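One structure below.
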Amino acid sequence: MSSSFPSVVPAVVPSLRGRIGHDARSGFYPASHRYRLHLALSCPHGLQIAVTHSLLGLDEILPVTLLPALPDAGGDGYLALRPLYEASSHQHPGPAKAPLLSDGWSGRIVSTDPAEILTDLARRFRGPDLYPRGAESAIDTVALLCERSIDAPAQCAGRADTGTAVREAALRVLVEGLALIERRLEGRDHLLGEEPTLADVRLWATLVQLDTVHRWHLDATAVHRIADHPRVWAYARRLAGHPAFGRHLDLDGIALRHHSRCLGKEAAGAAMQIVDWAEHAHPLVRQQVDDPAGGRRAR
């Protein structure tokens, strides 16, 4: 699972990392209608959190504000989130970024750490068991595999400013990572059990990113090698048809975010989409209304 390819974009340590505990003694506790999620579905982390929120059925007790695909203040982030950052960290020096979980009682941010937000949603609110006791190590392993054996090598394999040998080595790591998942999915609909867990949420969002973003910079041969994992991509299509997954696909937003940040050149593989995400997305159209706090509110 491990590789010699670190993340192309260095990880940024979240600036605000509160946690939701068991009860009132823990400060932040899982009270209904107390918290709000602020998400951009164009962001892989935002997509993961939105899917988790839907799997848990939290629509009625924990609302979501959907933000535009691109921050409206450019490098300063989202204007609608700036008051939350200022209330939580006086003269906050960085951009007002999403995703984040806010506390409506105090008007402050609970956390900007996507992984910890996912864990707290799954552990502190009632719903399907997405983070089963005893499966923590396996879920963490899938997260590392996605980061080190799919995301990072896919980015490296598509970079024109690296040597051919480096790109080929990165592609080998990527194909080996997909092959590991291919073997794991033999005779299975999900990675760890009969129902989706956070492992499936993480992997599915990674596969979406691989096909809708990284593929643009890979040559045709590389895309063929990536696509040659039928169980992996059948799994991706199947989950896209699940209402908690496919309904959150913002394909236009993903493309807009990618092209706004990308400095690389389009390659031959760009025209070879592996999954028709629009076709396999759930037909239920998410209704959106203007939200006075900024962005859009999902309902």
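The values are calculated or read from the model by the stated rules, or taken from the named source; none is laboratory data. Everything quoted here is computed from the prediction, not taken from an experiment. So basically every Cβ, Gly included, is an ideal-geometry build from the backbone, and we count neighbours across all protein chains shown.
Condition check for Leu144 on (1) surrounded by 17 or more Cβ atoms within 10 Å (Cβ to Cβ); (2) out of contact with any strand residue (DSSP E or B) (no Cβ under 9 Å at 6 or more places or on another chain): one failure, at (1). Looking only at residues of region 255-284 that are at pLDDT 85 or above and aliphatic (A, V, I, L, M), we find that the one that is surrounded by the most Cβ atoms within 10 Å (Cβ to Cβ) is Ile274. Of the residues in region 162-172, at least one is part of a loop (DSSP other than H, G, I, E, B) and over 15 Å from His224 (Cα atoms).
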